[in-house]
Amino acid sequence: TILFIVSYLQTLPTSGKSPMPPIPEPDTSATGGIYDVNESGIQFRHTPSLPTPANGDEFLKRLKSSFQFNILERPSKNELVFELIGVDVSFANALRRIMIAEIPT
């Protein structure tokens, strides 16, 4: 699960509990993984990397088989809290950058 609010979650008060532990450093010998955010903190889980898709059709087939977009809440008309599941970090980061670029300054 990729959440854009991981660093924000670490700063929230935990109602009497000790602060959340820092994000653990991933093992650099592994090629990829997932950060799981839960009540006990943030944990990194290694996942095996898939070979590079041979073409666009293979990429889309993989994306369709694992992609999930879940809306967690909508606090206001202009806010949306969501999670992306089953996507590469680079895809999620590209989406984040596009959303930031669309905000007028």
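Only the coordinates and a few stated rules stand behind these numbers; no lab work does. A quick note: this is a predicted structure, and the numbers were derived from the prediction, not measured. So basically every Cβ, Gly included, is an ideal-geometry build from the backbone, and we count neighbours across all protein chains shown.
Looking at PHE67, PHE91, PHE59, which one is among the aromatic types (Phe, Trp, Tyr) and within 11 Å of the chain's Cα centre (by Cα)?
After ruling out the rest, the residue left standing is PHE91.
Would you pick out the residues in the range 67-91 that are small (Gly, Ala, Ser) and surrounded by 12 or more Cβ atoms within 10 Å (Cβ to Cβ)?
GLY86
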